[in-house]
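The values are calculated or read from the model by the stated rules, or taken from the named source; none is laboratory data. Bear in mind the structure is a predicted one, so any value in this text is a computation, not a measurement. Cβ coordinates were reconstructed from backbone atoms using ideal geometry, including for glycine residues, and neighbour counts include every protein chain displayed.
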Ligand SMILES: C[S@@+](CC[C@H](N)C(=O)[O-])C[C@H]1O[C@@H](n2cnc3c(N)ncnc32)[C@H](O)[C@@H]1O
């Protein structure tokens, strides 16, 4: 697997977010929210990906790595799957899942989404439940595009700020958490995909339960 280094900056919001998720890491997989909502939407995203053997896939903001592992299983040990997360403790939890894992096509790395160094390497970059924590979204979208092969696909799911309950959630985050960055409206996500050079851009909006509304955005890298 190609070796890369990612820097976890020790100041600013990235640092605060990393420490927040460090605190959550040990009990993360047992949380009711994660089990009942996040895993469900993660599966919706993965089911929309056309995974073929030999593909290289990046999971951005992978947390404890469940989505990364699911992709590795679909690849049946072929290709390379990389999970990146700011929080070293989340990465520690993810690595525990590799202890008895039957394939060696997975790598977990602590690092920021803003320091992706790959070029023309991934068939898919995906991200679930994470982008509202990402600062400098535009520059991260550009890096993601750079990291994709020609015809590679970026697929991103997050809460959708078009809906009042999600706006309330965002507001609560702004008031209550110093590390809060913010969620996007579907139009913002679509514009971001288009302005950072993706083609075949689509944004789908989904109702998950009585409260959660999410969106799944997709764009392809195609250089003429
Ligand atoms: C709510 S968790 C979601 C984890 C996983 N994707 C899932 O669906 O269960 C968000 C994750 O994004 C990570 N994160 C936040 N900002 C990040 C950044 N700039 N680069 C990489 N990871 C980041 C956090 O550390 C956290 O583990």
Residue match in region 1-13 (condition: outside any loop (DSSP other than H, G, I, E, B) and modelled with pLDDT under 95): yes
Matching entry among 208, 181 (being more than 14 Å from residue 133 (Cβ to Cβ) and surrounded by 13 or more Cβ atoms within 10 Å (Cβ to Cβ)): 208
Breaking point among (1) more than 25 Å from residue 44 (Cβ to Cβ); (2) in contact with a helix residue (DSSP H, G or I) (Cβ under 9 Å, 6 or more places away or on another chain), for residue 126: (1)
Any hit, region 152-164, residues being surrounded by fewer than 19 Cβ atoms within 10 Å (Cβ to Cβ) and at pLDDT below 95: yes
Test: residue in region 170-185 that is farther than 24 Å from residue 13 by Cβ, outside any loop (DSSP other than H, G, I, E, B) and without any contact (Cβ under 8 Å) to a residue 60 or more places away in the chain: no
Residue count for region 58-99, restricted to those that are out of contact with any helix residue (DSSP H, G or I) (no Cβ under 9 Å at 6 or more places or on another chain) and under 25 Å from residue 23 (Cα atoms): 3
Test: residue in region 31-52 that is at pLDDT below 95, farther than 22 Å from residue 158 by Cα and within 10 Å of the ligand (Cβ to nearest atom): no
Region 117-131 residues that are free of Cβ contacts under 8 Å to residues at least 40 places away in the same chain and more than 17 Å from residue 182 (Cβ to Cβ), paired with ones that are more than 8 Å from the ligand (Cβ to nearest atom) and assigned to a helix (DSSP H, G or I) (beta carbon under 8 Å, 6 or more apart): 119/146; 119/147; 120/146; 120/147
Residue list for region 60-73, filter: more than 20 Å from residue 26 (Cα to Cα) and touching a strand residue (DSSP E or B) at 6+ places or on another chain (Cβ under 8 Å): 71, 72
Qualifying positions in region 187-205 - assigned to a helix (DSSP H, G or I) and surrounded by 12 or more Cβ atoms within 10 Å (Cβ to Cβ): 188, 189, 190, 191, 192, 193, 194
Criterion: at positive phi and surrounded by fewer than 24 Cβ atoms within 10 Å (Cβ to Cβ) - qualifying residue of 138, 92, 76, 117: 76
In region 105-117, the residues that are at pLDDT 95 or above and either within 14 Å of residue 148 (Cα to Cα) or assigned to a loop (DSSP other than H, G, I, E, B) (or both): 105
Options 223, 200, 158, 162; residue that is touching a residue at least 40 places away in the same chain (Cβ under 8 Å) and out of contact with any helix residue (DSSP H, G or I) (no Cβ under 9 Å at 6 or more places or on another chain): 223
